[in-house]
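Trainee: Mind having a look at this structure? Questions to follow.
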Amino acid sequence: MLDSLRLFAKSWMGKILGALLLVGLAGFGINNVITDLGGSTVARVGDEEISSRSFLRAYRGQLNEVAQQIGSVPTLEQAESFGIPSIVLQSLAQEAALNQLSRRFGLGVSEQKLSELLREDPNFAGTLGTFDPAMFQQVLQSNGLTEAEYFEDQADAARRQQLVLSLFADTTLPATAGQLLNRYIADQRTVDFFAISDTNVPTPPAPTEEELAAYLAEHQAEYRTVETRQVQLLALSPAALAATKTIPDEAIVAEYERTRDSLTTIERRTIQQAVLANPEQAALFEAGAASGRPFADVVAEAGLTVTDLGTRGEAEITDATLAEAAFALPAGGYRVISGVAGQRVVHVQTIEAGGQTSLEEARDQIRQNLALAQARTEIADVLDQVEELRAAFRPLSEIAERFGLDLYQAGVTQNGAELSIVPSLPESERPRVIQAIFAAQQGGLTPAISLGANNNIWFDLQAIEPARDQTLDEVRDAIAEALTTERVNAAIAAQAADAVARLDSGEALADVAASLSVFPQLSAPFTRRGAEGTSIDGVVAAAAFAGGPDHHGSAVNQAGETVVFQVVDQVPAAAPLDPQTSASLENELRVGIFGDFTSAVRDEAGLRVNEQALQQALTLSAGQ
């Protein structure tokens, strides 16, 4: 069956069918209508239904992937703004359409193959690395799947894989396409060039008051302030409360005496090693160690490169042979050891002795631990007191003074960068605080914002500075600088245009450069990516490749230089595409064809969406 499908896909009839399917992409869309779909059916593709259960499982999986990227689970509003529901629905619709097509071709999978797939799945492996039935049940339960649903999903996935492989597995990159791509990637050019800077144009006169006023009027939006909200912030967390505690010295001594047996440090050694290439080098180090020669002298004589392994304790070294050797040597000692990869020499640079930690060494850490322990027992009571004072409309400055907490003052804008002054406020939580600050009314009582784990923050909105246009007096220096820079850049652009015009008329680039008191340069050969670290970056390289063998022109590179160039040589790519690049391009080709094909199959099957069931599923997911 699969061989027949492959032959059909390669035939002229199959290609015509594929083209007709791809034409359907232009009119692809989702029909947002409620037809004869059931209440638990989110959508239907052809005669296959997408249940609310299946949609929610895929939707939550997509939310978890996004959460790993942005650091928090998106809200329903954020998910809709990201287009997650639509992405999930279209993906499920694509799978449903391919399922129907695979069944139409009679594809299937045996129970024996499903059993093999189950036992090879690393998600169900136990501690020994083999299939664990208990782990299987645990994973199914955590994903809301029954055994029947799991095996049905696996069978569908196997059928889809057979269909895809039979149609696209042997798709190759046409030879002409490979040659064109190789020419695009590997062709090289060399140019004569020079750069025009502000030293090559006359300094413009200082702008007049009228010119400054006119420039500001034209660019007023660029010199408009943003809304700023002046707030006082108070943060309460175990760490913040611990910072207010004074721990008596006798309590520190008592805690040290109580825990001194556990206050020890391990011996740590700074270790180096070098790989020995032959027995002669091993003999050289063995003789050096026996005679007491310094390690550095023997390394220099042997011409070896030493690798620093860092400062580690014996238990931190996973190589048992290395650990045993290193911790048997004195400081400065070295010895030759054997391993799987051959012989090597191990050298101990320094030794940090372990042993009992003294009171002075442990004092600060004990003080912090005692303060934190005391804060954890008191924080619930302090939180209640703060809330009572807030309910009595007491200002944060008074509350902060009463409990010895830090009070932060900030002018907060919509980007919230100013909130970095609050140490206990994670960056991922700033959007919540910003939203609360910009939703608050001046003079109103704002509730605490819980950041979890006994971490709370309060704020008082003291003043609102609305966005406004700045006056000329406020931005005079900035306007003068911007206007002067604009005029200099215009003069440079005019100079470059004149230089290109002179090249157009046949004048030599060296003569044009000499008239501008600059020296022409000959570039090294470069590709379309340019030459890193030179004036010929990707922007200039793209301009140089925009014409034929005698092409010339100008471009402003990413460093802000205006480069005038003339192509003097071009070298076609000599070697063919390397196998890795060719394989990558072929894979991209398969992905593109497969995407077009599946979209066309999905469009042909028809997608009908039950908007009411879809919204109910999204609301249910948000509530959970």
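The values are calculated or read from the model by the stated rules, or taken from the named source; none is laboratory data. Since we're looking at a predicted model, the values are computed, not measured. Ideal geometry is used to build each Cβ from the backbone, glycine not excepted, and the neighbour counts take in all protein chains shown.
Trainee: Could you list, in sequence order, the residues of region 236-271 that are among the aliphatic types (A, V, I, L, M) and either part of a helix (DSSP H, G or I) or on the phi > 0 side of the Ramachandran plot (or both)?
Mentor: Answer for region 236-271, where residues must be among the aliphatic types (A, V, I, L, M) and either part of a helix (DSSP H, G or I) or on the phi > 0 side of the Ramachandran plot (or both): Ala239, Ala240, Leu241, Ala242, Ala251, Ile252, Val253, Ala254.
Trainee: Does Val500 qualify as being touching a Lys or Arg at 6+ places or on another chain (Cβ under 6 Å) and surrounded by 13 or more Cβ atoms within 10 Å (Cβ to Cβ)?
Mentor: Values: touching a Lys or Arg at 6+ places or on another chain (Cβ under 6 Å): no; surrounded by 13 or more Cβ atoms within 10 Å (Cβ to Cβ): yes.
Judged against the criteria, Val500 is not a match.
Trainee: Return the residues of region 511-561 that are part of a helix (DSSP H, G or I) and either within 16 Å of Ala186 (Cα to Cα) or under 35 Å from the mean Cα position of the chain (by Cα) (or both); say none if nothing qualifies.
Mentor: At the first step, the residues of region 511-561 found to be part of a helix (DSSP H, G or I) are 511-515, 538-544.
Hits for region 511-561 are Gly538, Val539, Val540, Ala541, Ala542, Ala543, Ala544.
Trainee: Would you confirm whether or not region 389-404 contains a residue that is closer than 29 Å to Ile70 by Cβ and of a type in the set (A, V, I, L, M)? Step through it out loud before you land on a result.
Mentor: Here is the first cut: in region 389-404, the residues closer than 29 Å to Ile70 by Cβ are none.
No, region 389-404 has no match at all.
Trainee: Just give me the residues in region 277-286 being outside any helix (DSSP H, G or I) and under 20 Å from Asp319 (Cβ atoms), in sequence order.
Mentor: If the condition is that a residue be outside any helix (DSSP H, G or I) and under 20 Å from Asp319 (Cβ atoms), then Ala277 is the only one that fits.
Trainee: Additional query: Name the one entry in Ala544, Ala605, Ala622, Ala600 that is modelled with pLDDT of 85 or more and of a type in the set (Gly, Ala, Ser).
Mentor: So the residue among Ala544, Ala605, Ala622, Ala600 that is modelled with pLDDT of 85 or more and of a type in the set (Gly, Ala, Ser) is Ala544.
Trainee: Follow-up. Would you say Gln138 is surrounded by fewer than 17 Cβ atoms within 10 Å (Cβ to Cβ), in a helix (DSSP H, G or I) and at pLDDT 75 or above?
Mentor: yes
Trainee: On to the next question. Could you check Ala315 against (1) over 21 Å from Thr265 (Cβ atoms); (2) surrounded by fewer than 11 Cβ atoms within 10 Å (Cβ to Cβ) and say which number it fails?
Mentor: It fails just one condition, (1).
This table checks each residue for (1) among the polar types (S, T, N, Q); (2) within 19 Å of Ile457 (Cβ to Cβ).
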{"position": "Leu233", "(1), (2)": "no, yes"}
{"position": "Ser237", "(1), (2)": "yes, yes"}
{"position": "Ala240", "(1), (2)": "no, yes"}
{"position": "Pro248", "(1), (2)": "no, no"}
{"position": "Tyr256", "(1), (2)": "no, no"}
{"position": "Arg260", "(1), (2)": "no, no"}
{"position": "Val275", "(1), (2)": "no, no"}
{"position": "Ala283", "(1), (2)": "no, no"}
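Trainee: It is to be established whether one or more residues within region 456-464 are more than 29 Å from the chain's Cα centre (by Cα), under 30 Å from Lys245 (Cβ atoms), part of a helix (DSSP H, G or I) and of a type in the set (Asp, Glu).
Mentor: No, region 456-464 contains no residue that is more than 29 Å from the chain's Cα centre (by Cα), under 30 Å from Lys245 (Cβ atoms), part of a helix (DSSP H, G or I) and of a type in the set (Asp, Glu).
Trainee: For Arg258, state whether it is free of Cβ contacts under 8 Å to residues at least 24 places away in the same chain, within 27 Å of Ala353 (Cβ to Cβ) and basic (Lys, Arg).
Mentor: Yes, satisfied.
Trainee: Of all residues in region 82-104, which are at pLDDT below 80 and either among the β-branched types (Val, Ile, Thr) or within 19 Å of Glu611 (Cβ to Cβ) (or both)?
Mentor: none
Trainee: Of the numbered conditions (1) more than 27 Å from Tyr59 (Cα to Cα); (2) in contact with a helix residue (DSSP H, G or I) (Cβ under 7 Å, 6 or more places away or on another chain), Glu116 satisfies every one except a single condition; which is it?
Mentor: (2)
Trainee: From Ala300, Ala289, Ala274, which residue is surrounded by 16 or more Cβ atoms within 10 Å (Cβ to Cβ) and in a helix (DSSP H, G or I)?
Mentor: Ala289
Trainee: Ok, one more. Could you pull out the residue among Ala251, Ala213, Ala221, Ala242 that is without any contact (Cβ under 8 Å) to a residue 12 or more places away in the chain and of a type outside the set (Phe, Trp, Tyr)?
Mentor: Ala221
Trainee: Say whether the condition of being aliphatic (A, V, I, L, M) and buried (at least 16 other Cβ atoms within 10 Å of the Cβ) is met by at least one residue in region 216-227.
Mentor: Among the residues of region 216-227, at least one is aliphatic (A, V, I, L, M) and buried (at least 16 other Cβ atoms within 10 Å of the Cβ), which makes the answer yes.
Trainee: Further, regarding this structure: Answer yes if at least one residue in region 149-166 is surrounded by fewer than 16 Cβ atoms within 10 Å (Cβ to Cβ), in contact (Cβ under 8 Å) with a residue 12 or more places away in the chain and in contact with a Lys or Arg (Cβ under 8 Å, 6 or more places away or on another chain), and no otherwise.
Mentor: Looking through region 149-166, none of the residues is surrounded by fewer than 16 Cβ atoms within 10 Å (Cβ to Cβ), in contact (Cβ under 8 Å) with a residue 12 or more places away in the chain and in contact with a Lys or Arg (Cβ under 8 Å, 6 or more places away or on another chain).
Trainee: Run Ile593 past the list (1) surrounded by fewer than 16 Cβ atoms within 10 Å (Cβ to Cβ); (2) among the β-branched types (Val, Ile, Thr); (3) under 30 Å from Thr75 (Cα atoms) and report the number of the one that doesn't hold.
Mentor: (3)
Trainee: Can I ask one more? With respect to the numbered conditions (1) in contact (Cβ under 8 Å) with a residue 60 or more places away in the chain; (2) part of a loop (DSSP other than H, G, I, E, B); (3) of a type in the set (A, V, I, L, M, F, W, C); (4) touching a Ser or Thr at 6+ places or on another chain (Cβ under 8 Å), which one is the sole condition not fulfilled by Ala493?
Mentor: (2)
Trainee: For region 465-496: of the residues being of a type in the set (Gly, Ala, Ser) and exposed (fewer than 14 other Cβ atoms within 10 Å of the Cβ), which is farthest from Phe438 (Cα to Cα)?
Mentor: Selected residue: Ala494.
Trainee: On to the next question. Can you tell me how many residues within region 49-77 are touching a helix residue (DSSP H, G or I) at 6+ places or on another chain (Cβ under 8 Å), small (Gly, Ala, Ser) and within 20 Å of Arg608 (Cα to Cα)?
Mentor: 3
Trainee: Would you say Ala186 is closer than 30 Å to Arg57 by Cβ and hydrophobic (A, V, I, L, M, F, W, C)?
Mentor: It is false that Ala186 is closer than 30 Å to Arg57 by Cβ and hydrophobic (A, V, I, L, M, F, W, C).
Trainee: Would you call Gly443 modelled with pLDDT under 90, over 29 Å from the mean Cα position of the chain (by Cα), at positive phi and surrounded by fewer than 19 Cβ atoms within 10 Å (Cβ to Cβ)?
Mentor: Numbers: modelled with pLDDT under 90: yes; over 29 Å from the mean Cα position of the chain (by Cα): yes; at positive phi: yes; surrounded by fewer than 19 Cβ atoms within 10 Å (Cβ to Cβ): yes.
For Gly443, the condition - modelled with pLDDT under 90, over 29 Å from the mean Cα position of the chain (by Cα), at positive phi and surrounded by fewer than 19 Cβ atoms within 10 Å (Cβ to Cβ) - is met.
Trainee: Let me ask something else about it. I need the full set of residues from region 172-202 which are buried (at least 17 other Cβ atoms within 10 Å of the Cβ) and over 27 Å from Asp537 (Cβ atoms), in order please.
Mentor: Leu173, Gly178
Trainee: Scan region 229-266 residue by residue and report those that are under 30 Å from Ala325 (Cβ atoms) and either within 36 Å of the chain's Cα centre (by Cα) or exposed (fewer than 13 other Cβ atoms within 10 Å of the Cβ) (or both).
Mentor: Scanning region 229-266 gives Ser262, Thr264.
Trainee: Then there is this: Of Ser535, Ser584, which residue is modelled with pLDDT under 80 and more than 29 Å from Leu56 (Cβ to Cβ)? Even if it seems obvious, please write down each step before you answer.
Mentor: Working: Ser535 fails: modelled with pLDDT under 80.
The match here is Ser584.
Trainee: Also: Residue under question is Arg430, and the condition is that it be crowded, with 16+ Cβ neighbours inside 10 Å, of a type in the set (Lys, Arg) and under 18 Å from Glu227 (Cα atoms); does it hold?
Mentor: Here the answer is yes, as Arg430 does meet what is asked.
Trainee: Pick out the one residue from Asp537, Asp550 that is out of contact with any helix residue (DSSP H, G or I) (no Cβ under 9 Å at 6 or more places or on another chain), among the acidic types (Asp, Glu), surrounded by fewer than 20 Cβ atoms within 10 Å (Cβ to Cβ) and free of Cβ contacts under 8 Å to residues at least 60 places away in the same chain.
Mentor: None of the other options fit; the residue is Asp550.
Trainee: Mind counting the residues in region 303-312 that are surrounded by 13 or more Cβ atoms within 10 Å (Cβ to Cβ) and either in contact with a Lys or Arg (Cβ under 6 Å, 6 or more places away or on another chain) or of a type outside the set (A, V, I, L, M, F, W, C) (or both)?
Mentor: Matching residues across region 303-312 total 2.
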